[in-house]
Amino acid sequence: MRFFVVCPGGLEVPLAQELAEISQRPDCKALGTWVIDPTPTSPTGGIGLAGPISATMALNLHSRIASRVLMQMAQAPYRQEDDLYKLTSGLAWEDWFGSKQTLRVDVTAHRSPLKSLNFATLKIKDAIVDRLRDVTGDRPSIDTAFPDVRVQAHLTATQVTIYLDTSGEALFKRGWRDEKGDAPLKENLAAGILSITGWKPGQTLFDPMCGSGTFLIEAAQMALAIPPGAIRSGMYGDEVKPSRLAYRPLVTSSHGFGFQRLKPFQEAAEQKRWTALKESSLNEILEKRKSYPDAKSLEISGGDINEKLVLMFKGNWQRAQLPDQPVVRQIDALVSKPPGNQGGVMLLNPPYGERLVIKGGRGQDRASKAADYETEEPENRFELNLETGRQSAKRSSRESLKKLQAQEEQDPKFVEFLRQFGQHLKDAFGGWNVFVLTVDMALPGQLRIKESKRTPLFNGSLECRLFKFEMHLKPSISSVSQD
């Protein structure tokens with residue numbers, strides 16, 4: 001089978017590395033041969049690969065960076081909408097799902113000559129519905145909100161590719177997050193950023209503005225070999241269930257992934273392979289617990305000035321099946337101290353508003369506005385642009401965001417905070433590598449620190465930068481005297 005593994009823009013290289021690692025796991029190699037496409041040199045929005053149908057289960061369970069795993073059903077040239085109908089109606093959809101299941105169809109395009117994507121979507125939907133009605137005597141209902149089955153098509157100038165979405169809900173929805181907090185960061189983006197920083201389990205990791213703890217929880221799960229799909233797969237049985245506020249309560253052990261509602265994966269052989277994958281992961285978790293018996297041993301810690309978010313972080317940590325309570329304090333980032341005596345990796349995503357500058361007032365308004373931009377189902381605007389990696393955010397949202405950024409730049413309290421925080425990094429975090437994810441391209445100047453690297457990324461529809469700052473150790477008084 002051919003697959004296209006979708007990822008946030010800018011994470012294609014880390015995703016390719018991750019897919020290579022997954023394919024070399026003994027339990028995944030046992031499924032059959034995997035062939036991963038060459039790593040792209042420009043944004044593509046994902047990575048293609050060929051592998052056994054069972055690879056679907058391993059990818060959805062283990063990929064921390066993927067947004068969706070799409071299974072290719074057909075690819076052919078086209079010139080008009082009728083060509084889309086003919087190709088789609090010729091596929092044996094009845095082998096994959098039934099007429100009693102609900103359906104959603106999405107279409108994306110890059111340089112397509114067709115005038116209306118809505119009409120193209122309608123033709124593909126009609127082809128699937130007509131096929132099932134002819135074969136079964138009944139037709140599936142359409143559910144654009146919470147469908148059982150998702151079909152996606154991508155149009156280039158001359159080719160159409162039809163996919164079955166094997167993930168269902170986007171894979172960043174792990175099931176442990178209770179609420180999104182003031183500045184939501186997608187879990188798979190956090191995992192990809194951790195890969196870019198070069199952080200490894202056992203190395204000190206600190207987030208002084210941790211919010212609901214996305215970076216730190218993803219890192220802790222990496223260290224403990226907890227797969228990102230653990231809760232959705234039902235690995236922990238009925239005792240561990242997703243939060244009722246985790247995006248929506250669809251993420252359950254019986255409907256955690258789209259492939260679980262497809263006929264081939266309900267057969268005994270595939271069910272046996274699925275059970276084996278989960279058992280292998282559980283054994284790996286038990287082995288890792290010997291190296292990290294408690295939260296302190298992970299060398300992962302954080303702080304935040306907002307007490308509510310600190311409590312939210314603790315709840316998320318426990319739902320993510322991590323040991324004890326997280327090492328976290330309610331504290332102003334301006335007085336935070338380095339954990340341990342040696343350097344490490346600091347990783348943060350400074351939000352707008354009260355956690356960064358002030359409590360309540362206009363700061364809270366800005367935090368709410370920032371959250372609105374980041375939570376408006378960005379996977380339907382960018383991540384579904386399957387093979388081009390080209391952003392298609394609404395222009396109005398971009399213009400509104402620019403206005404929001406301009407307000408922040410003019411806020412003297414905000415500017416002063418950044419200046420003070422930059423000085424605090426110089427004074428207290430010598431020897432550390434500091435990584436900051438932000439939509440503010442002028443952040444290094446506001447911190448008054450020269451970045452050593454900047455990486456373009458997308459958090460949903462938001463264009464961001466990951467800035468790296470290498471904080472140099474200050475010479476001691478004795479060494480200066482000797483000189």
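Annotations for the structure displayed:
- Using C-alpha pairs under 8 Å with a sequence gap of at least 6, the mean separation divided by the residue count of segment 1-130 gives a relative contact order of 28 percent.
- Relative to the globular-protein estimate of 2.2 N^0.38 Å, the Cα radius of gyration of segment 52-132 stands at 1.25.
- Packing-based exposure ordering (other Cβ within 10 Å, fewest first) of Tyr292, Tyr163: Tyr292, Tyr163
- Counted by neighbouring Cβ atoms within 10 Å, the residues Leu59, Leu447 run from fewest to most as Leu447, Leu59.
- For segment 70-109, the Kirkwood hydrodynamic radius comes to 12.0 Å, computed from all pairs of different C-alpha atoms.
- By other beta-carbon atoms within 10 Å, ranking Arg150, Arg448, Arg174 with the fewest at the front produces Arg448, Arg150, Arg174.
- Dipole of segment 74-189 computed with +1 at Lys/Arg Cβ and -1 at Asp/Glu Cβ about the Cα centre; of Val135, Val151, Ala76, farthest Cα towards the positive end is Ala76.
- Potential lengthening between Gln203 and Asp324 on full extension [0.36 nm per residue; Cα-Cα distance subtracted]: 41.6 nm
All of the numbers you see were taken from the coordinates with simple rules; none came from a lab. Owing to the predicted nature of the structure, the values given are computational and were not obtained by experimental measurement. For neighbour counting, all protein chains shown are included, and Cβ atoms are generated from backbone atoms with ideal geometry for every residue, glycine included.
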